[in-house]
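A short write-up of the structure that comes next.
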Amino acid sequence: QQQVKQSPQSLIVQKGGISIINCAYENTAFDYFPWYQQFPGKGPALLIAIRPDVSEKKEGRFTISFNKSAKQFSLHIMDSQPGDSATYFCAASRIGGGSNYKLTFGKGTLLTVNP
Amino acid sequence: NAGVMQNPRHLVRRRGQEARLRCSPMKGHSHVYWYRQLPEEGLKFMVYLQKENIIDESGMPKERFSAEFPKEGPSILRIQQVVRGDSAAYFCASSPPGGAYQAFFGQGTRLTVV
């Protein structure tokens, strides 16, 4: 059972365009939703994260939109750059619960930004 | 401040051999987590350790896999009698107490079983 579903599997965007990656979760106990960026041969790096008490969080060109009722959240990358080309993972966790150390990951989205 | 250090970066083992993967957490971090990433898949939680204690190994296969985090030295993920299906990237993450959800990941060990 996949608890976090991520789409699309791959995405090609032109430089300057908007990249949008979507995730849906099933476990309503999740209360922490981070996005990770992974370059080839590297480990995942925390990019931005959101708690369900807000509907949107913005950090520079990266924005998370969160829809609690639909159990969905998405990553928007504005003004996408070739250097943003990487694999992006959404994840979910329970900060307040007994398993607050476990991250449940989506399967990832390979983003390619063409110059 | 060095990040999470994993070694080796690449490991090739023949079927039936043992694989030992090492992870040195960031300075000041006493909690270690291991994740496995299969091709075309996201990372899957394997085990959570604190110094000298296994807190949660619910994601570890029941056989052939073990993990430890001794009082001194790195955390070790050990895979005995490796099979082709063990080929994957294994990532270690570390965090201070209470900061598990913001753990920092190492660069991973790519295990190839031939």
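What follows is calculated from the coordinates using simple rules that are stated; it is not laboratory data. Please read all numbers here as calculations on a predicted model, not as lab measurements. Cβ placement follows ideal geometry from the backbone for every residue including glycine, while neighbour counts extend to all protein chains displayed.
Quick one: which residue in B:Arg9, B:Arg14 is among the charged types (D, E, K, R), within 13 Å of another protein chain (Cβ to nearest Cβ) and surrounded by fewer than 15 Cβ atoms within 10 Å (Cβ to Cβ)?
B:Arg9
Could you look through segment A:56-98, keep only residues that are surrounded by 15 or more Cβ atoms within 10 Å (Cβ to Cβ) and among the hydroxyl-bearing types (Ser, Thr, Tyr), and pick out the one that is farthest from the other protein chains (Cβ to nearest Cβ)?
A:Ser80
I want to confirm something. Restricting to segment B:18-50 and keeping residues that are outside any strand (DSSP E or B) and buried (at least 16 other Cβ atoms within 10 Å of the Cβ), which single residue is nearest to the other protein chains (Cβ to nearest Cβ)?
B:Gly42
If I filter segment A:40-68 down to residues being among the β-branched types (Val, Ile, Thr) and more than 25 Å from B:Gln37 (Cα to Cα), which single residue comes out as nearest to the chain's Cα centre (by Cα)? Full working, then the answer.
Let us first name the residues in segment A:40-68 that are among the β-branched types (Val, Ile, Thr), namely A:48, A:50, A:54, A:63-64.
This time we only want the ones that are more than 25 Å from B:Gln37 (Cα to Cα), so: A:54, A:63.
Working: A:Val54: 16, A:Thr63: 10 Å.
Among them, the one singled out is A:Thr63.
Return only the number of the condition from (1) of a type outside the set (Phe, Trp, Tyr); (2) in contact with a strand residue (DSSP E or B) (Cβ under 8 Å, 6 or more places away or on another chain); (3) within 14 Å of chain A (Cβ to nearest Cβ) that B:Gly98 does not satisfy.
(2)
Among the residues in segment A:36-45, are any more than 30 Å from B:His10 (Cα to Cα) and either assigned to a loop (DSSP other than H, G, I, E, B) or not hydroxyl-bearing (Ser, Thr, Tyr) (or both)?
No, segment A:36-45 contains no residue that is more than 30 Å from B:His10 (Cα to Cα) and either assigned to a loop (DSSP other than H, G, I, E, B) or not hydroxyl-bearing (Ser, Thr, Tyr) (or both).
Within segment A:41-55, take every residue that is within 11 Å of another protein chain (Cβ to nearest Cβ) and touching a residue at least 40 places away in the same chain (Cβ under 8 Å) and give me the one that is nearest to A:Arg94 (Cα to Cα). Write out each step before concluding.
Initially, segment A:41-55 is screened for residues within 11 Å of another protein chain (Cβ to nearest Cβ), giving A:41-46, A:49, A:51.
Checking which are touching a residue at least 40 places away in the same chain (Cβ under 8 Å) leaves us with A:44, A:51.
Working: A:Pro44: 19, A:Arg51: 10 Å.
The selected residue is A:Arg51.
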